[in-house]
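Report on the structure given below.
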Amino acid sequence: MIQRLKVPFINISVVLTVLLAFSSCSSRDRLEGHIYYRLSANPTTLDPALIVDVPGGSISAKLFNGLVKLDENLNIIPDIAERWEIKENGTVYIFYLKRGVLFHNNQEVTATDFKYSFMRILNPKGRSPNTWVLEKILGARDYIGGKTKDIYGIEVLDKYRLKLKLEKPFSPFLNLLSMTAAYVVPEKEVEKWGEDFSSHIIGTGPFILKEWKHNNELVLVRNNNYFSEKAKVKGIVYRIIPEDLTAVTEFELGNLDVITIPASEYSKYSNSPEWGKLISSMDGLNTYYIGFNCSRPPFDNIKLRKAVTYSIDIKKILRTFYEERGRLAKGPVPDILRKWEMTFATGYEPEKAKKIVEEERMKGRAINFYVTADQEVIDIAEIIQSYLKKAGFNARIKQLEWSAYKSAINNGEADIFWLSWWADYPDPENFLFPLFHSSNHGASGNRTRYTNMEVDRLIENGQRAESHVEKNYYYMNAEKIISEEAPWVFFWHKKDFTLRQPYIKNYRIYPIYSIDKGTEVSF
Amino acid sequence: MKIYVIKKIALLILLLFGITLITFTLTKALPGDPVYNMVGERSSPEIIEKIRKEIGADKGIMRQYIGYVSLLAKGEMGRSYHTNRKVLDDIIMKFPNTLKLAAGAMLIAVPFGVLFGFISALKKNMMIDRFITGMSIAGLSIPVFWSGLMLMLFFSLKLKLLPPSGTGDISYLLLPSITLSLPAMATLVRVTRVTVLDVMNMPFIKTARAKGISERSLNMIHIMKNALIPIITVIGLEFGSYLNGAVLTETIFGWDGIGRFTMEGIIKRDYPVIMGCIIVGTLVVVLINFLVDIIYHYIDPRVRIHGTDR
């Protein structure tokens, strides 16, 4: 019988050998001169009208341009517009376009293209979720509502001059124009492809979309006719790798040139003498927080909101669990955007928390703590839960997947919830108006349903302010009230860390993805 | 045979109708709103309402369902809420990858699973039987998530033999196929072992042995052929389930298949994607069962698919 059994085992080894002979080496055949990045998910779309996710926004920044853009210090600088004038108390903007800016199909960009692109976002029959970016333009709301056939606030003065008139002064307006939704698209191509434009992208950017294998990879190639600084690499390949450990393996094999360091791998790389020096970090424009439902008991009570704040040792969580991958938050506005002094309104004072809980008769009463089903979030939630328990709160963690979670918190089902807010544009207004203005309850951003007329007024004044000093004065006062009334427990501003291969030069990360046009990085 | 095929097609239509209705109702009953995923973090109630109208989510469930069925009747599956791409086009693009992965996994699982199960039965209670049984328990209990990562670390990172992720030629297919084959192989080992042991104790085997038939032809013809029915049933079930996608394996190895596509659809409440994947999945399972029935017909004369011989 032993003799007979040999045969199958020989067969097995033959099969394995054949299989391995078919296989190639673990290193991929790389496209020469191309830099390889990782995306954790397939970009939903590359159509600027529809993009709401970071991968889509980050890639579209390399394929498109707007009138203005942000520089690395978060200043507004010219993009396709070479200059602009602001008139009539900040309600009229006249943009002078650069001549000879070409779409990837060699058609020249004119003011008419901008008008078409903006109207496309606001189209009453369209499904762009980004209408808020341009709805400050005079007549935009009527047009979205189908009441008018034109937007009288957008006027093509001539081929290279575009006039935008706003309903009322709005100080961050130029910031809005640096966003994805304000990129210019070619009318002919959009009309030709219709709903499939996303797969046949024609923009003006430093890169051209060559191939998009959905859920696999995207290949961009350098646009040699680009009107500004041309890319140093021949192209970019984005590989879509959902699993972090797989991406790390690919990076270590040299199949990826740059990766965002997964939280689980952070200490390994930061403590490595070899890799440590190849880590880039950036103070992110974001704020992580616990939000209270301020519209109903128990957390319509400021004292109880403060008790929660007193009961959590955020500093310790940041140092131990979070491995210092962030900076403590003093308020909702990230420190790098804040141009005023701010002190911590509350700190870790567990005894004070216990006392308030006793006084307010909250001891042991159940509160719903909603979190997403992300492992890091669940870990943090459990730490917070234990702190709350010590103070006398009985927090029940309710994990929901993202879609159900968003519905629940938008509808005000949670007592408290864990969330973060990432900047759309670098202005304190972006961390105040959507999140704390009473007109934005629910899906518009103010998920705590916080309402304070004084805060509303201060934010509105800031939006209308003509000078930076005036604007900052209003925002400072709004932030101080918010910080005192604690509709959030302010946790931290998360830092981003990336790791690059030693042969990658001039690589850096930016606080907002749209700044990175991909033109500087080289081998 | 003709009547059987007609019956099967009629059954398939009924099944599709029932499954689409149940899935449609259940997905709509789930908590979570697809529009919230489409609008990002900041959107006014008016825009949310406008998009809801645009995708038809403002209508009643029955009207939505009828709308979907009439779309299907035209041979379409609609567009994804998120990517705005045609669901059918995406499925057509991804299905061959899933087919490759499922076929790869079965090509490894079936010969090895049946072989080891057979050896295990022949060597019952001996060292090799215990070893194979132990390995099959391990194969069933180790999650593919772990085995996949281990295989990747060993074959890609240590030996630098195979690419860790991506969708491409056979070199990309090997690791996910091996990972996916392990639980199927383990199931097949156990089913084969039990079935072969059953057959070995049947009177006709004793008769055959008494007639002086050689051990080799006894094993290959009498035992194996009689043990094939349950084995083929298991193969059909496993293959059918793999053709509906293997979410974890596809995720670990970045393989662009139906499993990941379905999962993303579910997470984002992308109803056209969920429905499209379920319809294709149902078709595949019915087709595989049909093939299995035909195979039964050929390997076991007692099974007659038109049912008139008995």
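The values are calculated or read from the model by the stated rules, or taken from the named source; none is laboratory data. Bear in mind that the values here come from a model prediction, so they are computed numbers and not experimental data. Neighbour counts are summed over all protein chains in view; Cβ atoms, including those assigned to glycine, are modelled from backbone coordinates with ideal geometry. Only protein heavy atoms, including side chains, enter the accessible area calculation; ligands, DNA and RNA are left aside. Shrake-Rupley method; radii C 1.70, N 1.55, O 1.52, S 1.80 Å.
Assorted remarks:
- Bridgeable lysines around B:LYS206 (alpha carbons under 30 Å apart, same-chain partners fewer than 8 residues away excluded): A:LYS6, B:LYS123, B:LYS124, B:LYS225.
- Chain B, helix-only ellipticity at 222 nm - DSSP H runs n ≥ 4, -39,500 (n - 2.57), divided by all residues, nearest 500: -23500 deg cm²/dmol
- Within the assembled protein chains, the solvent-accessible surface assigned to A:ILE481 is about 40 Å², based on a 1.4 Å probe.
- In this structure B:VAL247 has an accessible area near 50 Å², from a 1.4 Å probe over the protein heavy atoms.
- Rounded accessible area per residue of the protein assembly as shown, 1.4 Å, Å²: 43 Å²
- Sites listed here are trypsin sites (Lys or Arg not before Pro) in segment B:60-131 whose DSSP assignment is loop and whose Cβ has at most 12 other Cβ atoms within 10 Å: B:LYS74.
- Largest to smallest in accessible area, the residues A:MET453, B:MET77 fall in the order A:MET453, B:MET77 (1.4 Å probe, all protein chains included).
- The B and A chains share an interface that buries close to 5600 Å² of accessible area, total over both sides, probe 1.4 Å.
- Residue (of A:ASN411, B:PHE239, A:PHE431) at the positive-pole extreme of the protein assembly as shown, dipole from beta-carbon charges: B:PHE239
- Mean Kyte hydropathy of -0.5 or more with a Cα span along the axis of at least 15 Å, helices from DSSP in chain A: A:2-22, A:111-122, A:375-391
- Rounded, prolate or oblate (a/c below 1.5 giving rounded, otherwise prolate when a/b exceeds b/c) for segment A:309-365 by Cα gyration tensor: oblate
- Surface share of carbon and sulfur [accessible, 1.4 angstrom probe, percent] for chain A: 50 percent
- Charge dipole (debye, nearest 20) of segment A:65-199; +1 at Cβ of Lys and Arg, -1 at Cβ of Asp and Glu: 340 debye
- Between A:LEU102 and A:LYS505, the simple label model (points 7 Å from Cα in the Cβ direction) yields a spacing of 2.8 nm.
- Degrees, to the nearest 10: B:61-73 long Cα axis against longest axis of chain B: 70 degrees
- One decimal place: the segment A:GLU460-A:PHE523 gains 17.9 nm when fully extended, by the rule 0.36 nm per residue minus the C-alpha distance.
- Area of B:CYS277 that stays accessible when all protein chains are in place (1.4 Å probe, Å², to 10): 10 Å²
- Look at the stretch A:394-406: the mean tally of other chain Cβ atoms within 10 Å of its residues' Cβ atoms is 3.
- Fraction of beta bridges assigned by DSSP in segment A:286-496 that are antiparallel (%, nearest 5): 60 percent
- Taking the chain by itself as reference, segment A:421-466 contains these residues with an accessible-area loss of 30 Å² or more in the full protein complex (1.4 Å probe, heavy atoms): A:TRP421, A:ALA443, A:SER444.
- Counting only DSSP beta bridges whose two residues both lie in the protein assembly as shown, roughly 75 percent are antiparallel.
- Pairs over the 22 Å Cα-Cα cut-off, from the set A:LYS330/A:LYS495; A:LYS210/B:LYS94; A:LYS69/A:LYS213: A:LYS69/A:LYS213.
- Restricting segment A:201-296 to GluC sites (Glu not before Pro) that sit in a DSSP loop and have at most 10 other Cβ atoms within 10 Å of their own Cβ leaves A:GLU229.
- Placing dummy labels 7 Å off each Cα toward the beta-carbon, the span from A:LYS234 to A:LYS363 is 7.3 nm.
- Within a Gaussian network of chain B (alpha carbon springs, distance under 10 Å), most fluctuating of B:GLY113, B:GLY212, B:GLY168: B:GLY212
- Chain B shape via C-alpha gyration tensor axes, a/c threshold 1.5: oblate
- Net dipole in debye of chain A [+1 Lys, Arg Cβ; -1 Asp, Glu Cβ; about Cα centre; nearest 20]: 440 debye
- Solvent-free Debye scattering, log10 I(q)/I(0), computed from the Cα coordinates of chain A at q = 0.08 Å⁻¹: -0.59
- Taking a straight Cα-Cα cut-off under 18 Å and skipping sequence neighbours fewer than 8 places away in the same chain, the aspartates and glutamates within cross-link reach of B:LYS74 are B:ASP89, B:ASP90.
- Segment B:2-73, accessible surface, carbon-and-sulfur percent (1.4 angstrom probe): 73 percent
- In chain B, the longest principal axis of the Cα atoms and the axis of helix B:45-54 are about 60 degrees apart.
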